[in-house]
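Novice: First, the structure itself, so that you have it in front of you.
Computed from the coordinates by the stated procedures, all read-outs in this text should not be read as laboratory data. Every value quoted in this text rests on a predicted model; they were computed, and no experiment measured them. Here Cβ is always computed from backbone atoms with ideal geometry, including for glycine, and neighbour counts include all displayed protein chains.
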Amino acid sequence: MLLLILFLLVCSRVALAKTVYYDWSIDWVTASPDGFSRPVIGINGQWPCPQIDVDLGDRLIVTIHNNLGNESTGLHWHGINQYGHATMDGSAGVAQCPVPPNSSFTYDFPINQVGTYWYHSHTQGQYPDGLRGPLIVHDPNFPYHFDEEITMTFSDWYHEQMPTLLNYYQSPADITNNSIQAGQAPIPQSGLINDSQNNTIKVLPNKTYLIHMIDMANFPGVAVYFDGHPFTAVEVDGTYTEQHFLGDQNLRIAPAQRWSVLITTKNNTDKNFVIFATLDVNMLFPPNGIPNIPGWNGNTTAWLVYDEAKPLPPQLTFYEFDFFDDVALIPYDRAPLLEPVDRRITMSLQNASIDGITRFTINDITYLPQKVPSLYTALSVGNYSTDPAVYGVNTNPFVLNYGEIIELVINNRHENLHPMHLHGHQFQVLERSYPDTGEFPGTYMANVSATPIRRDTVMLNKNGWSVWRFRADNPGVWLFHCHIEYHISSGFMATMVEAPDRLQGHLTIPADHIQACKHYGMAYQGNAAANTQNPLDLNGQVLATNASAFNNNHGAIYPPPIGAGSSTSKRKRSPRRPLSIGRPQTKWSRKLW
């Protein structure tokens, strides 16, 4: 009888699982989320981009059609680990070629995780220009009671488009501009909640709401406060937590991080309440003694609305924040600390000026995309796949053996915070130091949890360190990088080449993915130099000493600048003139600059 019951339960779950299809045109849309009208990247002529809702066990299939006219594109499924489906990660230049205009591309993978995620372009600069949206995986066995769900996104917003901003940031003009921003990334004009300002969220009394919070920002983190409605944390980055009552503390969300919290509404509709958010002052420096930057306003407000007939309370202003340390959270499953450690990898992060350009380095190497996506190299070089040399020096590759427990020690030598993200894993966070404590001393502090919290993105304090652990059980090539998009463009990345010897014969590049490489003009076989005859001959790989990527870095502009990852693109054109490629230009293609 017990076997019959178990069989019926399995069958019922299989019966409930479904295939969720999306067919998306990625195109230009006009939007003015803060009152300033500009072109943004939308989906099917709409912006904000749609939320994806799927259930555990579903299969998600998304076909994209690049109708931008002058930019390449692609989608990364942030926090989805893609076990057995490394070709679906969506990181352009690593797990796929960029998808050029007039091309289509399909992502097809099972949903075997629950929680709060998001999708965004991993082609330079596009998600701050609008190509991003929530991805919520609903769990039929969610461990806590709630009545309704709400999704809230937080982001910064810019009036200039990212190719212009990236071109400035990756030029000598950024370092020599003689202002308080010299050497710094361009700052946003405003902050957004749910891709708008003055947003209202209707709630009912005596209800418990599960709120999925996602920071989709390009640069700063966000501090969030709900007036009169204390938070209880229940999930971070796809990991359920034991309920942790945050009370009136501010919730600090780093770029790319997600939190799910429970709030319980009042038992009456007497008034409405402010939701306050500010772009993290620790990232952007004002207002504490640093000159204000003209045009910068990091505050944004939304409201919990009980009664639409009643007035909205005034906005709030905070100058001091009481943040909760998320490392103290306890995972709901109480998974034990991974041990013993098989291998410790130490990474030192810092900025540098290379040929007069603002760059970032990990272990003194600045990342540059190669002539072949690194995953495709792992699939095509045979037994040489375990040799890090074949991936190119400037991909900063670390080859991991299957099943190893990896301890990652990260030293932030920079005077700023950095949200560090690892694809392919939710890792255990053992420790994070306070600011200005220097590098990891080699021994742990006394407070390492026996059941560490797991995240996929952690904010590093300035001049401090953090220690992570994960098991290398997900064959693929996974990026490790700062999730500030400016810093991605300036080389703040490394690659984890995980169990590459287990990929060949088990993972196949889909035909439309290969076709995207052909259309884009990027090789899909061979080592980093696209050498298919001798994997150890790296002559022609893209190096910091031979790349022109530091000059003419124009984000996702198509065709790519010479030396920025394409092995065949030889045409030159003005970066301020949209490209016509044998089709009518899109509505916005004449107004992009």
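Novice: Based solely on C-alpha atoms, express the radius of gyration and the Dmax of region 1-155 in angstrom.
Specialist: Rg and Dmax of region 1-155, Cα atoms, are 17.8, 66 Å.
Novice: Hey, another quick one. For region 189-196, take each phi angle, set θ = phi - 60°, evaluate the Karplus expression 6.51 cos²θ - 1.76 cosθ + 1.60, and give the result in whole Hz per residue in order, putting x for glycine and proline.
Specialist: Calculated HN-Hα couplings, in order: 7, 6, x, 10, 10, 6, 6, 7 Hz.
Novice: When the Debye formula is applied to the Cα atoms of region 403-558, each taken as the same point scatterer, what base-10 log of I(q)/I(0) results at q = 0.10, 0.11, 0.19 Å⁻¹?
Specialist: The computed values of log10 I(q)/I(0) come out as -0.51, -0.61, -1.31.
Novice: Ranked highest first by the average count of other Cβ atoms within 10 Å around their residues, in what order do 159-170, 491-502 fall? Display every interim value, and only then the final one.
Specialist: On the way: 159-170: 20.8, 491-502: 23.6.
Averaged packing, sorted descending, gives the order 491-502, 159-170.
Novice: Order 194-204, 359-369 from most to least packed using the mean count of other Cβ atoms within 10 Å.
Specialist: Numbers: 194-204: 16.1, 359-369: 20.9.
The densest-packed peptide leads the list: 359-369, 194-204.
Novice: Hey, can you rank 460-473, 339-352, 249-262 by average C-beta count inside 10 Å, highest first?
Specialist: Working: 460-473: 20.3, 339-352: 14.4, 249-262: 23.9.
The densest-packed peptide leads the list: 249-262, 460-473, 339-352.
Novice: Then there is this: For region 307-463, build the convex hull from the C-alpha positions and give me its volume per residue in Å³.
Specialist: Measuring per residue, one finds 241 Å³ for the Cα hull of region 307-463.
Novice: Expressed as a whole number of Å, what is the distance separating the alpha-carbon centroids of region 27-96 and region 354-380?
Specialist: 24 Å
Novice: Same structure again: Rounded to whole Hz and in sequence order, give me ³J(HN,Hα) for region 31-36 from the Karplus expression 6.51 cos²θ - 1.76 cosθ + 1.60, θ = phi - 60°, writing x for Gly and Pro.
Specialist: 8, 9, x, 10, x, 9
Novice: Taking amide H positions as placed 1.01 Å from N in the peptide plane, with prolines and chain starts having none, which residues 5 or more places from His418, or on another chain, fall under 5 Å of its amide H?
Specialist: Here the answer is Leu460, since their amide H atoms fall under 5 Å of that of His418.
Novice: Taking amide H atoms as placed 1.01 Å from N in the peptide plane, list the residues 5 or more away in sequence, or in a different chain, whose amide H sits under 5 Å from that of Thr241.
Specialist: The answer is Glu235, Val236, Tyr332.
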